[in-house]
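The values are calculated or read from the model by the stated rules, or taken from the named source; none is laboratory data. The model shown is predicted, which means the values in this text are computed figures rather than measured ones. Cβ: placed from backbone, ideal geometry, glycine included. Neighbour counts: every protein chain shown.
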Amino acid sequence: MREVIHARGHDNVRAEHASTFEVTTDDWLTPAGDCIIAVEADRSPAAFDPAFVEACRDRTARITARIEVDDHTQTITGRGHPDLTFDSDRSAVARTSDYVDDRTVMVDADHAAVGVDRAMVESLRAGAALVFTLSVEV
C-alpha cells in the first residue's frame with residue numbers, strides 16, 4: 001500500500017534537523033523550520049486511506065519514504081507504531097525516535113532532514129517540485 005503527496009520547495013528550506021523531516025500543507029516557511037523539506041503539500045495524513053493507516057499501526061510494519069526532486073531520489077526507511085493516528089490535516093513528519101503525535105507517519109527513520117541529499121536540498125531551495133511517496137509492508 002502507498003500514499004503520495006505532491007509539494008514544492010521554498011527558499012527557506014534548510015533541512016538541518018537531526019531527528020525529523022517534515023512535509024507541510026503550509027504555503028510559507030520561516031528559517032527556523034529546519035526540519036521542513038517542502039511546503040504546499042496537496043494532501044495531509046488525515047486524508048490517507050484507513051487501510052494504509054491501520055497497516056502502519058503494526059509495530060513490525062516497514063515504512064518507506066521515497067523522496068523525488070528533479071532527477072534526485074532518496075529512500076528513507078523506518079517502522080510503524082501502534083499509536084500512529086495520521087490525524088494531522090497540516091503535516092507529515094518522519095522521526096528517527098519513537099515519539100508519536102498526530103503528525104507522525106514513521107518512527108525509527110534511518111535519516112532525518114540533515115540526511116537529505118544536499119543536491120536535492122538545493123533544488124528544493126530553488127522551489128523545485130517534490131513527490132513524497134510513503135509505502136508500508138507488514
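Table for the structure above
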item	result
Subset of the range 1-41 that is among the basic types (Lys, Arg) and in contact with a Leu (Cβ under 8 Å, 6 or more places away or on another chain) - its residue that is surrounded by the most Cβ atoms within 10 Å (Cβ to Cβ)	8
The range 108-138: number of residues that are without any contact (Cβ under 8 Å) to a residue 60 or more places away in the chain and of a type in the set (Ser, Thr, Tyr)	0
Of all residues making up the range 87-104, the number that are basic (Lys, Arg) and part of a loop (DSSP other than H, G, I, E, B)	2
Number of positions in the range 1-28 that are farther than 19 Å from residue 110 by Cβ, modelled with pLDDT of 95 or more and not polar (S, T, N, Q)	14
Residues located in the range 34-79, provided they are touching a strand residue (DSSP E or B) at 6+ places or on another chain (Cβ under 6 Å), of a type outside the set (Phe, Trp, Tyr) and part of a helix (DSSP H, G or I)	45, 55, 56
Test: residue in the range 76-97 that is closer than 22 Å to residue 122 by Cα, surrounded by 14 or more Cβ atoms within 10 Å (Cβ to Cβ), of a type in the set (S, T, N, Q) and in contact with a helix residue (DSSP H, G or I) (Cβ under 7 Å, 6 or more places away or on another chain)	no
